[in-house]
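Encoded as structure tokens, the structure appears first; notes follow it.
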Amino acid sequence: MYARAIITLAAAVMLTACYESADVTVHKPGVYKGAKDPLLAKQRMPEQQQALRERFALVQPDR
Amino acid sequence: MARMKFLCDAERCIECNACVTACKNEHEVPWGVNRRRVVVLEDGVPGEKSISVACMHCTDAPCAAVCPVDCFYTTDDGIVLHDKDLCIGCGYCFYACPFGAPQYPQQSAFGVRGKMDKCTFCAGGPEADNSDDEYAKYGRNRIAEGKLPLCAEMCSTKALLAGDGDLVADIYRQRVIRRGGRPKTWGWETAYQS
Amino acid sequence: MKLIRKKAASEVSSGQSRFAGEAIDRRTFLRRSGLALGGAAVATTLPPLMMRKARASMSGPKAGVETKVVKSICTHCAVGCGVYAEVQNGVWTGQEPAFDHPISLGAHCAKGASVRELGIGERRVKYPTKLEGGKWKRISWDQAINEIGDKMLEIRKTSGPDSVYWLGSAKFNNEQAYLFRKFYAMWGSNNGDHQARICHSTTVAGVANTWGYGAMTNSMNDIRHSKAILVCGGNPAEAHPVSLQHIFYAKERGAKLIVIDPRFTRTAAHADHYVRIRPGTDVPIVWGMLWHIFENGWEDKEFIRQRVYGMDQIREEVANWTPDEVEKVTGVDEATCKEAARLMAENRPSTYIWVMGGTQHTIGNNNTRAYCVFQLALGNMGVSGGGTNIFRGHDNVQGATDMCVLSHSLPGYYGLSAGAWKHWSRVWDVDYDWMQSRFDQGSYEKSKGKAVKPMNTKGIPVSRWIDGVLEDKANIAQKDNLRAMVLWGHSPNSQTRGLEMKKAMEKLDLLVIIDLVPTASAVMHDRTDGVYVLPAATQFETYGSVTASNRNLQWRSKVIEPLFESLPDQTIMYKFAKKLGFDEQFTKHIKVNNDEPLIEDITREYNRGMWTIGYTGQSPERLKAHQENWHTFNPNTMLAEGGPIDGEAYGLPWPCWGTPEMKHPGTPILYDTSKPVAEGGLNFRARFGVERDGVNLLAEGSAPVGNEIGDGHPEFDHKLLKELGWWDDLTADEKAAAEGRNWKTDLSGGIQRVAIKHGCAPFGNAKARAVVWNFPDPVPIHREPLYTSRRDLVEKYRTYDDRKSHYRLPVRYWSIQKQDFTKKYPLILTTGRLVEYEGGGDETRANPWLAELQQEMFLEIHPADATDRGILNGQQVWLEGAEGARLKVKADVTRRAARGVVWMPFHFAGHLQGKVLGDKYPEGTVPYVLGEAANTAMTYGYDSVTQMQETKCSLCQIELA
């Protein structure tokens, strides 16, 4: 909440103190530069997707 | 391919904080770092509602968009993760995130867990799945083990659901019909202007 | 990151403003005021040990190491949630959801989701320690047992066995609880007790005296079948969170949730109908609802005719509680009260849930009986979806109560009569004369004009132990004052009158603390010598059975070996028995390995003696089979469907009649006549005779399915069997054992077997008593609290006269109430729970995952009361209790509190009247969070039947610090 209050405050300051321009800066993600996660390949395997579906059915539904 | 999502049913959330301590337990998240927290609205008066909030694993994640070193990546099933080796701990993602999810522990006090830390949907980081290295930096990788986030799996009232968005929606839809009314989950009105 | 210039969207995102504009919630309030502003703040305020832990604590799973999964049960509350513990090389590395567990279905609350910390935590007591010259000194177990034992034997010689007090725990498992009860019996005193005295003693007494057994009648799971749910004086959303899963199950299918509470609790936030009463007005609100029920003819007349005694006298009392009078006393208007009554009456079966808000009063026994009468009037008893669902507190408080770790009974509620002692002497296979010789042979009180001996008189209850130390010797009905206190798994801050407790602790010759954590008992006094702290193992470091709130016994397996130098409680008991010279009798039929009595042998021993409440059928083998087959139970019925134990109720909820070989399935719902007794059916117990003043007390035209008598009948003994011609159904061996005995004392179980074979409950078939003629108030009536805020009501609703001796001690009532405290102390003071902490909180405040969520003690005060005192939200204030104790705490200004009523959580300790006691703990054991103990400010007041302490209404004043 504290952090959020700062954000809101900052946003408020930006909105009121700055001149109004129709232009804004939009951020677009660049290309991931970090290490390759082996999980990505694993997640593409149908067995893994099936395992997660089965787990969901076992643990999450209302009983 | 699944699309992993969290959903918190505000009609059921009782702010018991099981999700918070389950997360602490599973990943040994240090004091002061909250990957997940429970937010209460209208505290102490009629209409009081609470929801559990963590990284929402956005499709077009603002954190990834603003990251100056491009350390974020998204798995095919929509889990947003990051590489701590690359992260410089600048805090820009904290500005961008609508949910306050990114956390910044003290480097000196908490060693390897420094830089930015956030909910991984229990999917670890880029290190080998369930390696000691991955555990030390990101916590446990339940997804690789074929399990789902522990916060949702341990939720006291099954308010917090996590998994393939379609399956989550199926459960939630059934509840809505059973309750026989308009869903009262937090955020519904904002999303659909109803 | 790529930057692109673009036309802005016209709207500001609504997500953030939604959050930022909201009122501050309790946790934010605490976080802002506390440590959690961010990493930097934490780093500077954490004690050094925390730093080391944070770095060194990576005790999670290791790659490539074999993982073992162990099944256990959470050690916090009595919901009884399943735990899957993952263990690698003897280290507890992970917790998984026990999704196949019949009660919790994988769920946990904050406490349950963090129990692994007990297996890796650093703030526990690690080795035996004693306070010497004001310093904590490490000693060996042998030295500790020898020194403590020698001192006790010396006290025994000069002051008698009654001068040592054995305060046990609801944290014991059943086997340890039973062994502990046996332990102080063989020490030769009834001065032993545990937390049940201060949580549900008024429930046990009130409910058992109404219909036979003093326990939850249905179960958490059975609430699924309720159509209306009334929670009165309880906050399960924080105290029993996983039960909400079952409450919501019913609610989402249309059940109405009604909450009666002085405070707008988190449970109330989910209610369909909320009724805010003034603290201490439970009887008026219940009679107020019943007034509408009688007025509208909503009562179940046939049920009352067949199964209830004394409802006419209740009607007379209820007639006084007109809507006007109810509003005057409780503050609840007619429409609100009537709506609650209507919801309960029109949506049957409806269930009544109560907890400590109802029990902890000077008239607690009146409250609990009024709740029972309410359910009897609606015919809600003995049906699925109905019942009195009394949520017990600690994980094994039901079991420890059943084992009678109490000052007034032997295991199984046999009482303290010569007959009871003879029964247990037979089970223990010890000479009754030897048993008698262990006790003080003097006599200090009379019963019906005859002198009675301490062996047969109720001991001092835990609520009053401080008076046992401080009271003038001449006024105590035993040889001498208490001189040694053993606190074995007990937080002192769960008890009232903190300043007097400090004085009592300082006056003792010997103070022994046996626990996981030192508790406030180690620091709240100014002693410099004569204090010992001994490390006990957790329930995850031993094994055995635990009884959940719904009377079912769940088996726990051992997760890890005891950490540090801690020992399981049963081992510590054996070591003391050996030192004190009765080990031979103590474990006569229990195998002892390396000073550790064998748990299974203990289970089998109580199986042989606990006939009264049916703890006889639950052999270790059967309980282990239930543990192995969690997944076979249907959460809607709690019955196994298929598998090796098909048809049995989960955990064999007591009464599980007869011997284990009889294979009784347990009784999931008490007094349910829709099933044969052999399948878990039952009726009200014939406990109070067969007639009173010419009125029949036995059931009329009502009996469980298959009952061959088909009507009410008295309890079974050898004579009744012979009269009915059923004697020859006994085998020759059974006949030999049953001759001259009854269903409670026949050690063969034959009488029970034959009664059940003919469809009869062994304890007879009677009516429930709406009027308990042997209690101070036979018809439950309202009496104002001792420290009442309403002087105008004192004359009409006056308390009792002072009593000279009750449980060996004088008790004050009117001498307090006649004084007016309201001028100096105008605010009502009440207490309650937080989800993160359990009981006194010493264990949970030493768990950083929980402690981080509640870092500071606070009080809740209504905005108007705060304004009147110039107090702003978050400011430090002084709260002064009506007996003068002063607490320095933070003010949380909130409408959760009613105007004129202040609320505090009672889990904190380690501050005393503004002084921080952190440096007084033994090295490395100070909890992460300390704070003022709410009960320091709570005042005198004890229930007229059980000596339950009054913690729910007192008076106070608050000023800015």
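The values are calculated or read from the model by the stated rules, or taken from the named source; none is laboratory data. For clarity, every value in this text was computed on a predicted model and none was experimentally measured. A quick note on method: Cβ atoms are made from the backbone with ideal geometry, for glycine too, and the neighbour counts reach across all protein chains shown. Remember, those area values only see protein heavy atoms, side chains included, never the ligands or the DNA or RNA. Shrake-Rupley method; radii C 1.70, N 1.55, O 1.52, S 1.80 Å.
Residues are listed down the side, and each one gets a yes or a no for (1) of a type in the set (S, T, N, Q); (2) open to solvent by 50 Å² or more (accessible area, probe 1.4 Å):
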site	(1), (2)
B:Val39	no, no
B:Pro46	no, yes
B:Cys55	no, no
B:Thr59	yes, yes
B:Cys67	no, no
B:Tyr73	no, no
B:His82	no, no
B:Cys90	no, yes
- [ ] Would you check if there is a residue in segment C:572-583 being open to solvent by 40 Å² or more (accessible area, probe 1.4 Å), of a type outside the set (A, V, I, L, M) and in contact with a Gly (Cβ under 8 Å, 6 or more places away or on another chain)?
- [x] yes
TODO: Report, by residue number, each residue of segment B:133-145 that is facing chain A (nearest Cβ under 10 Å) and open to solvent by 10 Å² or more (accessible area, probe 1.4 Å).
DONE: B:Glu145
TODO: Could you please find all residues in segment C:271-305 being under 27 Å from C:Cys953 (Cβ atoms), open to solvent by 20 Å² or more (accessible area, probe 1.4 Å) and not in a loop (DSSP other than H, G, I, E, B)?
DONE: C:His273, C:Tyr274, C:Trp291
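Going by what's in this entry, would C:Glu317 be described as touching a helix residue (DSSP H, G or I) at 6+ places or on another chain (Cβ under 6 Å), at pLDDT 95 or above and not in a strand (DSSP E or B)? Can you show your working first?
On the way: touching a helix residue (DSSP H, G or I) at 6+ places or on another chain (Cβ under 6 Å): no; at pLDDT 95 or above: yes; not in a strand (DSSP E or B): yes.
Taking the combined requirement at face value, the residue does not satisfy it.
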Task: Subset tally (residues that are facing chain B (nearest Cβ under 7 Å) and either at positive phi or not in a helix (DSSP H, G or I) (or both)) for segment A:38-63 - done: 4
- [ ] Would you tally the residues in segment C:186-212 being open to solvent by 10 Å² or more (accessible area, probe 1.4 Å) and part of a loop (DSSP other than H, G, I, E, B)?
- [x] 1
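Going residue by residue through segment C:616-627, is there one that turns out to be outside any loop (DSSP other than H, G, I, E, B) and hydroxyl-bearing (Ser, Thr, Tyr)?
As a first pass, look at segment C:616-627 and keep what is outside any loop (DSSP other than H, G, I, E, B): C:620-627.
Restricting the remaining residues to those that are hydroxyl-bearing (Ser, Thr, Tyr) gives none.
Within segment C:616-627, none of the residues are outside any loop (DSSP other than H, G, I, E, B) and hydroxyl-bearing (Ser, Thr, Tyr).
From the list C:Gly386, C:Gly379, which one is touching a Phe, Trp or Tyr at 6+ places or on another chain (Cβ under 6 Å) and either at pLDDT 95 or above or within 30 Å of C:Glu838 (Cβ to Cβ) (or both)? Working first, answer last.
Working: C:Gly386 fails: touching a Phe, Trp or Tyr at 6+ places or on another chain (Cβ under 6 Å).
Answer to the check: C:Gly379.
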TODO: Scan segment C:426-445 and report the pairs whose first residue is aromatic (Phe, Trp, Tyr) and whose second residue is in a loop (DSSP other than H, G, I, E, B), with Cβ atoms within less than 6 Å and a gap of 6+ or a chain change.
DONE: C:Phe439/C:Gly188; C:Tyr444/C:Ala477; C:Tyr444/C:Gln478
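If the requirement is being within 14 Å of chain A (Cβ to nearest Cβ), surrounded by fewer than 24 Cβ atoms within 10 Å (Cβ to Cβ) and either within 22 Å of C:Met573 (Cβ to Cβ) or not charged (D, E, K, R) (or both), which of these qualifies: C:His589, C:His631? Reasoning before the result, please.
Details: C:His589 fails: within 14 Å of chain A (Cβ to nearest Cβ).
After ruling out the rest, the residue left standing is C:His631.
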Task: Set C:Glu723, C:Glu708: member being touching a His at 6+ places or on another chain (Cβ under 6 Å) and either in a loop (DSSP other than H, G, I, E, B) or open to solvent by 30 Å² or more (accessible area, probe 1.4 Å) (or both) - done: C:Glu708
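Among the helices (runs of 4 or more DSSP H) contained in segment B:3-119, which hold 3 or more residues that are facing chain A (nearest Cβ under 9 Å)? Step through it out loud before you land on a result.
Values: elements: B:18-27, B:62-66, B:92-96, B:107-110.
Qualifying helices (runs of 4 or more DSSP H): B:62-66, B:92-96.
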- [ ] Kindly indicate whether any position in segment C:686-696 is touching a residue at least 40 places away in the same chain (Cβ under 8 Å), basic (Lys, Arg) and part of a loop (DSSP other than H, G, I, E, B).
- [x] yes
- [ ] Name every residue in segment C:320-342 that is in contact with a helix residue (DSSP H, G or I) (Cβ under 6 Å, 6 or more places away or on another chain), open to solvent by 50 Å² or more (accessible area, probe 1.4 Å) and outside any loop (DSSP other than H, G, I, E, B), in order of residue number.
- [x] C:Glu334, C:Lys338
Open item on the list: Regarding segment C:129-141, can at least one residue be identified that is under 21 Å from C:Glu541 (Cα atoms), without any contact (Cβ under 8 Å) to a residue 24 or more places away in the chain and within 9 Å of chain B (Cβ to nearest Cβ)?
Closed with: no
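Among the residues of segment C:554-561, is any open to solvent by 40 Å² or more (accessible area, probe 1.4 Å) and touching an Asp or Glu at 6+ places or on another chain (Cβ under 7 Å)?
Taking segment C:554-561 as the starting set, the residues that turn out to be open to solvent by 40 Å² or more (accessible area, probe 1.4 Å) are C:558, C:561.
With the extra rule that they be touching an Asp or Glu at 6+ places or on another chain (Cβ under 7 Å), the set shrinks to C:558, C:561.
Yes.
Quick grid of which residues meet (1) without any contact (Cβ under 8 Å) to a residue 60 or more places away in the chain; (2) of a type outside the set (A, V, I, L, M, F, W, C):
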| residue | (1), (2) |
| --- | --- |
| C:Ser243 | no, yes |
| C:Lys251 | yes, yes |
| C:Ala255 | no, no |
| C:Ala268 | yes, no |
| C:Val275 | no, no |
| C:Thr281 | no, yes |
| C:Val286 | no, no |
| C:Asp300 | no, yes |
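Going through segment C:438-454 one residue at a time, which ones are aliphatic (A, V, I, L, M) and farther than 23 Å from C:Phe183 by Cα? Quick ask: steps written out before the conclusion?
Step one: filter segment C:438-454 for residues aliphatic (A, V, I, L, M), giving C:451-452.
Listed by number, the list holds a single entry, C:Ala451.
Considering each residue of segment C:182-226, count those that are more than 17 Å from the chain's Cα centre (by Cα) and among the polar types (S, T, N, Q), and give that number. Spell out the reasoning first.
Of all residues in segment C:182-226, those more than 17 Å from the chain's Cα centre (by Cα) come to C:182-191, C:209-212, C:221-226.
Among the residues that remain, those that are also among the polar types (S, T, N, Q) are: C:189-191, C:209-210, C:221, C:226.
Qualifying residue count for the region: 7.
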Task: In segment C:57-95, the residues that are part of a loop (DSSP other than H, G, I, E, B), of a type outside the set (S, T, N, Q) and within 13 Å of chain B (Cβ to nearest Cβ) - done: C:Met58, C:Gly60, C:Pro61, C:Lys62, C:Ala63, C:Gly64, C:Val65, C:Cys74, C:His76, C:Val79, C:Cys81
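Looking at C:Thr799, C:Thr830, C:Thr867, C:Thr822 in this structure, which one is modelled with pLDDT of 95 or more, under 30 Å from C:Ser407 (Cβ atoms), in the same structural domain as C:Cys956 (by TED's automatic domain parsing) and outside any strand (DSSP E or B)?
After ruling out the rest, the residue left standing is C:Thr799.
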TODO: Name the single residue, out of those in segment C:108-129 being out of contact with any Gly (no Cβ under 8 Å at 6 or more places or on another chain) and of a type in the set (D, E, K, R), that is nearest to C:Arg527 (Cα to Cα).
DONE: C:Arg124
